[in-house]
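Shown next, in structure tokens, is the structure this report addresses.
Only the coordinates and a few stated rules stand behind these numbers; no lab work does. Keep in mind it's a predicted model, so treat the numbers as computed, not measured. Every residue, glycine among them, receives a Cβ derived from its backbone with ideal geometry; neighbour counts consider all protein chains shown.
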Amino acid sequence: MKILVIGSGAREHAICDALLSSDNNKVFCAPGNDGMKLSGIKTVSITEDDFEGLVNFAIKENIAFTVVGPEEPLVNGIVDFFEAHGLRIFGPNKKAAKIEGSKAFTKSLLKLAGVPTAQYCEFNDLDVAEKYIKRQSEYPLVIKADGLAAGKGVYIVNDQKEALAVISELLASHKYQTEKVVIEEYLDGEEFSLMAFVYNGKFYPMPAAQDYKKLNNSDKGPNTGGMGAVCPVNNISESTYKFAVDKVLKPFVDILVEEKIKYTGVLYAGLILTDKGIKVIEFNVRFGDPETEVVLPRLKTNLSSVILAILNDENPEIHWDDSGIDLGVFVSSQGYPENPTKGADLGSIEYFDLLDCKVNYASVVNKNNSLFTNGGRLFLIRTHADNLKDAQADIYDDLKKLKQDNIFYRTDIGNNSI
Ligand code: AMP
Ligand code: GLY
């Protein structure tokens, strides 16, 4: 089978790996990245917003189905576009992708479904939002831009001055093209991510994972696209996992059916275990990054057979490895997330060949068999081991084999789940 994966990061690399675990598959990634090519993945230089180019490629190559990695093409209707051309594609359509495209829309669905989430209000008028802020006495407060903001539209503010500045940036200066903000209560607790394959009102949960979002060790510093991930999450008990499946995923999938929102694809719940129980932080309409890089290696069934069954409206067989742990550490450019250096030398690809762990590449370019930085998050290095200590040793010993001057990584990924 020929399969097309859309996207260019470490998540898409991990999706390609999971599809390639069957020898019968040929996988293309558009646009992909230079690092992936080192692992034998064929990349195609069509960008993820060029729907017509992608459709033409899928037709020309007789692609059996396409898998979409990032949210932007989903929110912009890539699934509707492919389906209008009679092509099979795995992901939610534009109407369903609004679950990620609009936080206010998701909040209203959560309310309807009776799923616990932070108390919130929405505003599109600056004056009204300012009046609301001036009546608040409890901080921190959370302010979120309503639309897509590449993970950057969430502000945790500690006083009124900060809150007013953020509101003005979003509703007066329209940063991230914001027209509406959600202001919500701050939740404190252990965060974890729960993804599921969803279709036709049915869902198949994956094991829980945890994303390390902060830049620095001990969860300090600014939020990032994710500095590493672990699966499973030891300090999320069986009963908490079951609660999340029964009381979050199930009612949410049920409400989609009731509201006639057809959903096919992966649904991602970002959850937090507070002292008042589990609450939803966000829903995404795709595989999480970097959770996917540590969850999919545990999938014992080939990913293509799972997706194909779903697209054929059949119940997929899904088996997970429940041994040991999978750990992934993201290596970023110096200066990430504010000012990542581009074009810095990471060394010859021979260094990367020396690594024992698997690498999922993201923002790197290959010039004359040396890799160079091409953005913030460069590659994720991952391993499967019996326990966290062994997994960390595998990864951190391996990382010492690389040139260290242009890279940055956390040295405590996985520690929260001891
Ligand atoms: P989001 O884009 O909604 O996932 O938010 C990004 C990150 O901001 C989350 O992973 C949390 O770490 C943090 N966050 C979002 N909403 C809240 C909240 N209500 N309380 C505390 N932290 C939050
Ligand atoms: N790991 C967070 C996300 O994928 O949005």
Residue check for Val181: away from ligand 2 (no atom under 16 Å from the Cβ), surrounded by 19 or more Cβ atoms within 10 Å (Cβ to Cβ) and free of Cβ contacts under 8 Å to residues at least 40 places away in the same chain: no
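Over 21 Å from Ile261 (Cβ atoms), of a type in the set (D, E, K, R) and surrounded by 21 or more Cβ atoms within 10 Å (Cβ to Cβ): which single residue out of Glu12, Glu52, Glu100 fits that description? Talk me through it step by step, then tell me what you get.
Values: Glu52 fails: surrounded by 21 or more Cβ atoms within 10 Å (Cβ to Cβ); Glu100 fails: over 21 Å from Ile261 (Cβ atoms).
Matching residue, one of Glu12, Glu52, Glu100: Glu12.
Give the residue, chosen from Leu164, Leu194, Leu187, that is within 10 Å of ligand 1 (Cβ to nearest atom), surrounded by 16 or more Cβ atoms within 10 Å (Cβ to Cβ) and farther than 27 Å from Leu399 by Cα.
Working: Leu164 fails: within 10 Å of ligand 1 (Cβ to nearest atom); Leu194 fails: within 10 Å of ligand 1 (Cβ to nearest atom).
Exactly one residue qualifies, and that residue is Leu187.
Restricting the search to the range 197-237, which residues are within 12 Å of ligand 1 (Cβ to nearest atom) and not charged (D, E, K, R)?
So in the range 197-237, the residues within 12 Å of ligand 1 (Cβ to nearest atom) come out as 210-214, 219, 222-226.
Those that are within 12 Å of ligand 1 (Cβ to nearest atom) and not charged (D, E, K, R): Gln210, Tyr212, Pro222, Asn223, Thr224, Gly225, Gly226.
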Residue match in the range 339-349 (condition: part of a strand (DSSP E or B) and more than 30 Å from Lys403 (Cβ to Cβ)): no
Near pairs, Cβ below 6 angstrom, 6+ apart or cross-chain, from the range 306-331 (touching a residue at least 12 places away in the same chain (Cβ under 8 Å) and closer than 28 Å to Leu378 by Cα) to any residue that is of a type in the set (Phe, Trp, Tyr) and in a loop (DSSP other than H, G, I, E, B): Val329/Tyr409; Val331/Tyr409
Residue match in the range 207-224 (condition: out of contact with any Pro (no Cβ under 6 Å at 6 or more places or on another chain), surrounded by 19 or more Cβ atoms within 10 Å (Cβ to Cβ) and of a type in the set (Val, Ile, Thr)): no
Number of the exception - Gly288 against (1) under 18 Å from Val245 (Cα atoms); (2) in a loop (DSSP other than H, G, I, E, B); (3) away from ligand 1 (no atom under 16 Å from the Cβ): (3)
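Select from the range 268-285 the residues that are on the phi < 0 side of the Ramachandran plot, assigned to a strand (DSSP E or B) and away from ligand 2 (no atom under 12 Å from the Cβ) and list them in ascending order. Step through it out loud before you land on a result.
Going residue by residue through the range 268-285, those that are on the phi < 0 side of the Ramachandran plot are 268-276, 278-285.
Next cut, assigned to a strand (DSSP E or B) only: 268-274, 278-284.
Hits for the range 268-285 are Ile272, Leu273, Thr274, Ile278, Lys279, Val280.
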Restricting the range 291-322 to residues that are polar (S, T, N, Q) and not in a helix (DSSP H, G or I), the residue that is farthest from ligand 1 (Cβ to nearest atom): Asn312
Tally of residues being touching a residue at least 60 places away in the same chain (Cβ under 8 Å) and more than 25 Å from the chain's Cα centre (by Cα) across the range 48-72: 1
Breaking point among (1) out of contact with any helix residue (DSSP H, G or I) (no Cβ under 9 Å at 6 or more places or on another chain); (2) surrounded by 15 or more Cβ atoms within 10 Å (Cβ to Cβ); (3) more than 13 Å from Asn33 (Cβ to Cβ), for His384: (1)
